[in-house]
Amino acid sequence: MTERRACGVEDARLKAATGVSVNFKRGKTMTLRKLPELFCGLAAGAVLLTCVAGPALAEAESDGVPSPANSELEPADGLNGLVFAPDDPTPVAASIHTLTVRNAANDPVEGASAIVEVSGSGAGAWGPGGIALCASAVLTGVTNASGEVTFNLFGGGCFHQTPLAATVKVNGITLRTYENVKSPDFDGGSGDLVVNLPDLIDFSGEFLGSSSSDCHDYDNSGTTGLEDLIIFSPAFVSGNSCQP
């Protein structure tokens, strides 16, 4: 027959987790006010370490669980969307996104696997509602000791107000979803992985107000303005394309 008693165990791991060291005496029930959640199973006269130090273990298990509220993805959080751009000769600053993963205690989560998933993305050019990727794009990574990982979003195309256009996950947990994924490389129909004259014509239409502010409104403010020009200009002036 198995008895269950409140007890203490002289155990280095338990002491480290709780800061309390006690000795178990067979046949006696001991009251541990500092460890009310600790229970040991006794079977066939042997002490079975089926002990669970509830709060300590729960805290340890939660350390590696990312918190969407405490985590950050910049500049995407400030832009309310992702920006892609071809990277050669110089990557556009807005296309390099840094994710900082923190847990519920606001501590960094190290060694977490992160990924950016974009609907309809892939190598080569896509039609409307798709993202073309450069071969040098980096959409996955593992967080460092500071909980950080960097994504190089090199590509072109556009999603505008498209639910679940992009999802950012860490250890399988969704941290962000975006409905706006945009690029200077968009000519009104698709991205061809080169920022050139057709893209300028489409950008100018939005900037001057002759067409609605959609795919070149990179900060998703509702208007293609100066902030968007700052992102578009270096890519166009340099004629950005994908690295060979």
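The values are calculated or read from the model by the stated rules, or taken from the named source; none is laboratory data. All of these numbers come straight from a predicted model, not from anything done at the bench. Heads up, the Cβs are rebuilt from the backbone with ideal geometry, glycines too, and the neighbour counts pull from every protein chain shown.
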- Task: Please identify the pairs in which a residue from the range 219-244 that is not assigned by TED's automatic domain parsing to the domain that holds Asn80 has its Cβ atom under 7 Å from the Cβ atom of a residue that is surrounded by 15 or more Cβ atoms within 10 Å (Cβ to Cβ) and of a type in the set (Ser, Thr, Tyr), counting only partners at least 6 apart or on another chain.
- Result: Cys242/Ser136; Gln243/Ser136
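Okay, residues lined up against (1) in a strand (DSSP E or B); (2) surrounded by 24 or more Cβ atoms within 10 Å (Cβ to Cβ):
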{"residue": "Thr150", "(1), (2)": "yes, no"}
{"residue": "Gly156", "(1), (2)": "yes, yes"}
{"residue": "Gln161", "(1), (2)": "no, no"}
{"residue": "Leu164", "(1), (2)": "no, no"}
{"residue": "Lys169", "(1), (2)": "yes, no"}
{"residue": "Pro184", "(1), (2)": "no, yes"}
{"residue": "Ile201", "(1), (2)": "no, no"}
{"residue": "Ser213", "(1), (2)": "no, no"}
{"residue": "His216", "(1), (2)": "no, yes"}
- Can you tell me how many residues in the range 210-228 are within 18 Å of Gly155 (Cα to Cα) and hydrophobic (A, V, I, L, M, F, W, C)? 1
- Does the range 171-182 hold any residues that are closer than 30 Å to Leu200 by Cβ and not in a strand (DSSP E or B), and which are they? Glu179, Asn180
- Return yes when Gly222 is part of a loop (DSSP other than H, G, I, E, B) and either modelled with pLDDT of 95 or more or at positive phi (or both) and no when it is not. yes
